[in-house]
Amino acid sequence: MNNFNKYGVVCVDIIVQKFGGTSVSTRERRKMVIDKITEGKKAGYSLVIVVSAMGRKGEPYATDTLRNLVLENAPSCSLKHLDLLMSCGEIISSVVLASSLEEAGFDVVALTGYQAGLLTDDSFSNADILSIDASKILKHLEEDKIVVISGFQGATKDNEITTLGRGGSDTTAVALGVALNAKCVEIYTDVDGIMTADPNVVPKAKIIHEMNYDEVFQMADKGAKVIHPRAVEIAQNGNIPLKIKNTMSTHPGTTVYYCRKNGTLPYSSKSSKGLLTAITHKDDISQISIYTEANPEKDSQLLSALACGNISIDMINFFVDKKIFTIDGSQNLNLKNILRDFDVKYTILNNCSKVTIVGCRITGIPGVMATVVSALAKEGIKILQSSDSHSTISCLVPQEAGKKAVNILHEAFHLDQ
């Protein structure tokens, strides 16, 4: 590719830009989107734009609004038919944005996920991308066109339309970035970047300028609404940089690499400063305690039954006389029905919060858990259960203390500095 664009700049590198539903929801915000696209073209990039459905729940073309058009009257509607309906939201967005770009003087083509070459399996409503035939996209880029693609969707080998599940437009953008060997993928939203904590919970939360894939994955997986974990996995496997930015500001945002560009920061094992990257939390968690003697065969049957019931368990601790784990509170009724078949004694502690500290540098550093326990104990917050990985420590606390716990730990690890 060696074309001059309308600004007299040679287009060589490809950048994928993804714009969320709030970014394309109004004429004023779409003008901001066009400004970001114009900046990219002036810098000499070939651009692939991925869009979500316009607006959020309750607005006319939002995904949940489209779903409710059917489910309110026909709750047994097949997932296959729902996918066909839900894919319309992103198609509307792509055509509306493409038309606005044409009015601004750009040469543009709008494509559905199917037209863009996204082949998926047939798991309707939560499909996985199997492969991408990017030949049509590359042909349009060779002609110096901006390619606007409907996110969240693809098609099976039998040409049946599928959707990719929660965070599907992020997944589309990153998968396309890898397939096109793009310079980076820019995820535009309504915040300036990834923050050290939810700013609605911690007013002193700050923007994180650089992170690695594992840190972002752990944040997303543990409750932070930044980018879907599946998209992060694809980016990591393809080693493609991600940039989380704000459509409505000029802030440089957060850049996600395989390794931080500035390397590992110096720290002292005697200090908690600089150890953590962020703190996240998830509410409406239930703690399950099952009282039964160890029986490998019965334990295996129980875990299989939970999996078949689509119940995801977390923070798992198995002891000789009991098993303790957590589930999303919305799964309580489903869990009770399964446990009834096993005739076991159990208790459920509802209304808990899972608070997680995230930092790639906490591995092997003594005193991190001691700082967590000490900081929470001083404020009388009881830790009900804990779990850890090489880059996270999670604590289960009463939900009424969840937000307070996040603030306490944010201060204890000096994330506000």
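The values are calculated or read from the model by the stated rules, or taken from the named source; none is laboratory data. Small disclaimer: the values here were computed from a predicted structure and weren't measured. Note that we place each Cβ from the backbone using ideal geometry, even for glycine, and neighbour counts take in every protein chain shown. For the accessible areas, the whole protein counts, side chains as well, though only heavy atoms, and no ligand, DNA or RNA atoms are used. Shrake-Rupley method; radii C 1.70, N 1.55, O 1.52, S 1.80 Å.
In this structure, is L84 touching a residue at least 40 places away in the same chain (Cβ under 8 Å), assigned to a helix (DSSP H, G or I) and either over 14 Å from I49 (Cα atoms) or aromatic (F, W, Y) (or both)? Judged against the criteria, L84 is a match. Taking the criterion of being surrounded by 21 or more Cβ atoms within 10 Å (Cβ to Cβ) and assigned to a strand (DSSP E or B), the residues of the stretch 348-373 that qualify are C352, S353, K354, V355, T356, I357, V358. The set of residues in the stretch 334-347 being in contact with a Leu (Cβ under 7 Å, 6 or more places away or on another chain) and either without any contact (Cβ under 8 Å) to a residue 24 or more places away in the chain or open to solvent by less than 60 Å² (accessible area, probe 1.4 Å) (or both) consists of I338, F342. Annotation: T112 fulfils all but one of (1) within 24 Å of I234 (Cβ to Cβ); (2) touching a Gly at 6+ places or on another chain (Cβ under 6 Å); the unmet one is (2).
Scanning the stretch 132-170 for residues that are assigned to a helix (DSSP H, G or I) and of a type outside the set (S, T, Y) returns K136, I137, L138, K139, H140, L141, E142, G168, D170. Among the residues of the stretch 38-48, none qualifies, meaning not one is of a type outside the set (A, V, I, L, M, F, W, C), within 22 Å of the chain's Cα centre (by Cα) and either surrounded by 15 or more Cβ atoms within 10 Å (Cβ to Cβ) or not in a strand (DSSP E or B) (or both).
Taking the stated definitions as given, is I316 in contact with a Phe, Trp or Tyr (Cβ under 7 Å, 6 or more places away or on another chain), closer than 18 Å to D221 by Cβ, touching a residue at least 60 places away in the same chain (Cβ under 8 Å) and not in a helix (DSSP H, G or I)? Against the criterion (in contact with a Phe, Trp or Tyr (Cβ under 7 Å, 6 or more places away or on another chain), closer than 18 Å to D221 by Cβ, touching a residue at least 60 places away in the same chain (Cβ under 8 Å) and not in a helix (DSSP H, G or I)), I316 qualifies. Scanning the stretch 320-333 for residues that are polar (S, T, N, Q) and surrounded by 14 or more Cβ atoms within 10 Å (Cβ to Cβ), we see that the one that is farthest from S289 (Cα to Cα) is Q331.
Please go through the stretch 40-64 and give me each residue that is of a type outside the set (A, V, I, L, M, F, W, C) and out of contact with any helix residue (DSSP H, G or I) (no Cβ under 6 Å at 6 or more places or on another chain), ordered by number. Scanning the stretch 40-64 gives G40, K41, K42, G44, Y45, G55, R56, G58, E59, P60, D64. Being touching a residue at least 40 places away in the same chain (Cβ under 8 Å), assigned to a strand (DSSP E or B) and out of contact with any Asp or Glu (no Cβ under 9 Å at 6 or more places or on another chain) is the requirement here; does V33 meet it? Here the answer is no, as V33 does not meet what is asked.
Taking the criterion of being in contact (Cβ under 8 Å) with a residue 60 or more places away in the chain and open to solvent by 40 Å² or more (accessible area, probe 1.4 Å), would at least one residue in the stretch 61-71 satisfy it? No, the conditions are met nowhere in the stretch 61-71.
Here's the yes/no breakdown for (1) exposed (fewer than 14 other Cβ atoms within 10 Å of the Cβ); (2) at pLDDT 95 or above:
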{"residue": "A74", "(1), (2)": "yes, no"}
{"residue": "S78", "(1), (2)": "yes, no"}
{"residue": "I92", "(1), (2)": "no, yes"}
{"residue": "S100", "(1), (2)": "no, yes"}
{"residue": "E103", "(1), (2)": "yes, yes"}
{"residue": "L111", "(1), (2)": "no, yes"}
{"residue": "A116", "(1), (2)": "no, yes"}
{"residue": "L119", "(1), (2)": "no, yes"}
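For the criterion of being among the hydrophobic types (A, V, I, L, M, F, W, C), open to solvent by less than 10 Å² (accessible area, probe 1.4 Å) and touching a Phe, Trp or Tyr at 6+ places or on another chain (Cβ under 7 Å), L141 fails.
Scanning the stretch 386-417 for residues that are open to solvent by less than 40 Å² (accessible area, probe 1.4 Å) and either more than 17 Å from T280 (Cβ to Cβ) or part of a helix (DSSP H, G or I) (or both) returns P398, A401, G402, A405, V406, I408, L409, H410, A412.
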